[in-house]
Amino acid sequence: MNFWEHLGELRQRLLTCIYCLAAGTVLGAFAVNPVIAWLAKPVGKLVFLHPTEAFAAQVKIAVGVSFLLCLPVLLYQIWAFIAAGLDQKEKKYLGWVVPFSYTFFMIGAAFSTFLVFPKAVAFLLTLGSEHLQPMLSVESYLNFFVLLGLAFGILFQLPLALHFLAKVGILRADFLAHNRRVSYLAIFVCATLFNPVPEVFTQLLLACAAIGLFELSIFLVKWETKQK
């Protein structure tokens, strides 16, 4: 396949992605009000502070829903385009890494959405006082929700990141296992310092999730070492 054929294929796959996202956005538009109603449950009502804020927030939600719906299609289009330039070993590796990465990201985002986010909002609202009354704008509230979801989605990529380091020869399973106690201590310290909710149950939940990811990382690194 020459350069122009590659360019034509890239154009076709980009158009497929655009059409998919456009159709998903139309479907996402019907989910805007239910999503806002669900997100606003911990606070009651949200406000918008400038004329275009409500519209921009609704567009963000519709596009976000579309992205989540179309993500498998987008990943497949990327995979199908780059697969032509990969050898069999690389295809086999990416063939399981990409679905696992997507699954771990969605689990992390769900962990944030259903466990961390509601508790974080509930706690932050308790910081109000007689002279500090909460009046949350839909834009800042939505940005906080998305940022928290992305952070946990990326955190749940830890096993695959460590597996990749083992694959390229930087990391070994015995190093992780030997430093398990130190890693556990670091995890609990980080769960205490960076958890947006200073509440014991949430800290333990976050720490247990991180420990589970760490143990899964050790398993994947050992498996990769045996494959070599």
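A few comments on the model shown:
- Shown for Y184, Y141: other C-beta atoms within 10 Å of each C-beta, ranked fewest to most, produce the order Y184, Y141.
- The chain: DSSP helices with Cα axial extent of at least 27 Å and average Kyte-Doolittle hydropathy no lower than 1.0: 53-83, 200-227
- Here the extension length gained between W223 and N179 equals 14.0 nm, from 0.36 nm per residue of separation less the Cα-Cα distance.
- Using the Cβ-Cβ distance between I154 and E130 with R0 = 41 Å, the FRET efficiency computed as 1/(1 + (r/R0)^6) comes to roughly 0.60.
- Choice from L49, L158, L125 with maximal GNM fluctuation in the chain (Cα, 10 Å cutoff): L49
- Candidates V65, V47, V146: whichever shows maximal mean-square fluctuation once the chain is modelled as a Gaussian network with Cα springs under 10 Å: V47
- Number of Lys-Lys pairs in the chain with C-alpha atoms under 20 Å apart and a separation of 8 or more places or on different chains: 18.
- Put a dot 7 Å past the Cα of A84, heading toward its Cβ, do the same for L15, and the two dots end up 1.5 nm apart.
- Projected over every direction and averaged, the convex hull enclosing the alpha-carbon atoms of the chain yields 16.3 nm².
- The H on the amide N of S137, modeled in the peptide plane, is under 5 Å from the matching H of V47, each at least 5 residues off or on a different chain.
- Cα centroid separation, the stretch 203-223 to the stretch 93-145 (Å): 21 Å
- Helical content of the chain, expressed as a calculated mean residue ellipticity at 222 nm, amounts to -27000 deg cm²/dmol (DSSP H runs of 4 or more residues, -39,500 (n - 2.57) each, divided by residue number, nearest 500).
- Label positions at N33 and F48, each projected 7 Å from the Cα along the C-beta direction, are separated by 1.5 nm.
- For the pair Y76 and V59, label points projected 7 Å from Cα toward Cβ lie 3.0 nm apart.
Just so you know, all these numbers are worked out from the coordinates, no wet-lab data involved. Values in this document were obtained by computation on a predicted structure and should not be read as measured data. Note: ideal-geometry Cβ built from the backbone for every residue, glycine included; neighbour counts use all protein chains shown.
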